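Below is one structure; the comments refer to it alone.
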Amino acid sequence: MAFSLYLLYRVRDFRFGFLTLLLSLMATRQLLTLFDLVPRFAELPGLVVSVLGVVVVYYLLQYTRREAAIKDRLREANRELRRNQTYLEATVAASPDDLVVFDADGRCRDVFASGPSEMSADLAGERVADVRPDVVADAIRDAIETTVETGATERIEYALHDGDEPRWYEGRTARIRTVGADDRVLFIRRDVTDRREREQTLRRFRQAVEAAGAAIYITDRDEEIQYVNPAFEEITGYAEAEALGETPRILSSGEHDASYYEDLWATILDGETWREEIVNERKSGERYYANQTITPIVDADGSIDEFVAIQIDTTERKNRERHLLVLDRVLRHNLRNDMNVILGHVEQIEAAADTDAAADASVVRETVRSLLSKADTERKIVRLIAENQRPRAMDVTTVLEDQVAAARQTWPAATIDVEAPAEATAVAIDELDEAIAELLQNAIEHCDRAPVVTVSVSVASDSVTVRIADNGPGIPEQERQILSGQGDIDSLYHGSGIGLWFVYWVVQLSNGRLSFEANDPRGSVVVLEFPADSDRRRDG
């Protein structure tokens, strides 16, 4: 009995408590009977049976304990399975991917969609060939078959049309080994439409950079060249392999002092764009001129890691400008000297000759003075083209008022009206005042009646427009078309309006636009449109 009670204590399974107690009582009875007056061996079989019963109970209890342990492990395994299921559902919900399980025949067995998706609605339980376009179904089926046969991971891309615009998807396969059943295939699908659009944009930019006529190169913060485009090789003479890993100092001509480069680095390290003319040296040792722009490349957190430099080779233009300046100086010097000689002799003839000769001499004198005036205007045009003019913000109203006041003093008989706001800030080069003076002079001197000139200014969000209207005979149509960019200069063109060409270049170098309108009832309107000052626009 003591042994039976010990078993109950160890196992703590009371389902067998009654049987253990009964067998223990039987064993006790047999023991007591064994030591009674009756023959001792008469009860020995019963004792053996009782002991065997206790042993059987012991093993039954051991089995029960093992069963309980197995059930505990099964419960833990079920809990682990539920945890894994929860993890899987959370992973799928947080993932941009959709997961589909296919059998070897291409039938969908399970769908784990990352969000609202057409997959769970129309694919579950179906063959992919029944719910997808033929081309897409063939690609997915081929990938599934290859994965089932070889175990290799397959990757495909396909498009599904959602309205007018296609959505692009990337699919990957992986074989799932199953015990006692056919293998299955996990198909992972990801929407890559945005990625493809970014890649397409990058391809377009790269093609544009590769095709650009300007030399483009990228350096890191240590000045090492990381990229050069084909134009860089053509302009500098350095092949890509020769330039990569080097610094832009391989292009240094020695023309610029240390302060030039100090200003350059201070500008770009401050996050600003550097724009300056530079004199560099090709691999051959030949110098070349370039308009250079260097811009910092800023990453997502705002730090500067790289710089992109763009060089536009201006060597040929520089040479032409140099030749133009030389020719201008020679002609201006010789022309002015010769004209002054002619003018001196004409004045002597006027003083000594009779009336008819004096009248002829007067015509010659005025013609010479006109030529000298045109030579001065030509000199101003050459200076505009040859020099590096930079537009700046200026008050157009103030410029107009100053020039109108000067014109009223020079031509007091002319009527000049001004309609302008108190302030009109535009971006133009410093020669704007000379251009306005030229237009006022043309409007007054070329008028065949009492001159009436109206000057007006209008301000828009992105531009400032000046209109100068007169009542003269008008500007010839061919001249107007050529100056406004609507006509071509050919061998038949002999325009005499060199002053208008000066105005044209002032407007062009100010990044503006020159046009013409007819005045009602008579005359012309010259329209000058300039960019508004961006700082003023932001303040407004």
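None of the figures in this text is laboratory data; all of them are computed from the coordinates on show. Being a predicted model, the structure only gives us computed values, none of them experimental. As a convention, Cβ positions derive from the backbone with ideal geometry for all residues, glycine included, and neighbour counts pool all protein chains shown.
Residue-wise HN-Hα couplings along the range 296-310, as the Karplus relation 6.51 cos²θ - 1.76 cosθ + 1.60 with θ = phi - 60° gives them from phi, are x, 9, 9, 8, 4, 8, x, 7, 9, 10, 9, 9, 10, 10, 10 Hz; Gly and Pro carry x.
Based on the Cβ-Cβ distance of residue 283 and residue 393, what FRET efficiency does E = 1/(1 + (r/R0)^6) give at R0 = 35 Å, to the nearest 0.05? Can you show the working numbers first?
Working: r = 42 Å, r/R0 = 1.19.
Computed FRET efficiency for residue 283 and residue 393: 0.25.
Rounded to the nearest 0.05, what FRET efficiency do residue 534 and residue 157 give with R0 = 41 Å and r taken as the Cβ-Cβ distance? Could you check? Provide the component values of the computation, followed by the final result.
Numbers: r = 44 Å, r/R0 = 1.08.
My answer for the efficiency is 0.40.
If you stretched the chain out fully between residue 406 and residue 303, how much longer would it get, using 0.36 nm times the residue separation minus the C-alpha to C-alpha distance?
31.7 nm
A crude spin-label estimate for the pair residue 316 and residue 79, with each label 7 Å from Cα along the Cβ direction, gives 8.3 nm.
Could you please report the charge total around residue 96, scoring K, R as +1 and D, E as -1 over all other residues with beta-carbon less than 9 angstrom from its beta-carbon?
On the way: positive: 190; negative: 97, 98, 191.
Residues near residue 96 contribute -2 overall.
For the pair residue 194 and residue 522, label points projected 7 Å from Cα toward Cβ lie 6.9 nm apart. Here the spin labels are modelled as points 7 Å beyond Cα on the Cα-Cβ line, and at residue 70 and residue 203 they lie 6.2 nm apart. Check the straight Cα-Cα distances from residue 380 and name the lysines below 27 Å, setting aside those fewer than 8 residues away within the same chain. Counting by Cα, and skipping residues close in sequence, residue 380 has these lysines nearby: 318. If the chain linking residue 63 and residue 270 were pulled fully straight, counting 0.36 nm for each residue of separation and taking away their Cα-Cα distance, it would gain 66.5 nm. From least to most packed, judged by other beta carbons within 10 angstrom and beginning with the fewest, 505, 168, 265 follow the order 265, 168, 505.
Assuming R0 = 45 Å, what is the FRET efficiency of residue 449 and residue 342, from their Cβ-Cβ distance, to the nearest 0.05? Calculated value: 0.90.
Rank the residues 217, 288, 169, 63 as a footprinting-exposure proxy: fewest other Cβ atoms within 10 Å of their Cβ go first.
Ordered by Cβ neighbours within 10 Å, fewest first: 63, 169, 288, 217.
Positive contributions from Lys and Arg (+1) and negative ones from Asp and Glu (-1), summed over other residues with Cβ under 11 Å from the Cβ of residue 261, come out at -4. So what's the net charge close to residue 510: Lys and Arg +1, Asp and Glu -1, counting the other residues with Cβ under 13 Å from its Cβ? Net of charged neighbours comes to -3.
Give, in nm to one decimal, the length gained when the segment between residue 418 and residue 94 is fully stretched (0.36 nm per residue of separation minus the Cα-Cα distance). Before the final figure, lay out the partial values.
On the way: separation 324, 0.36 × 324 = 116.64 nm, distance 6.86 nm.
So the chain would gain 109.8 nm between residue 418 and residue 94.
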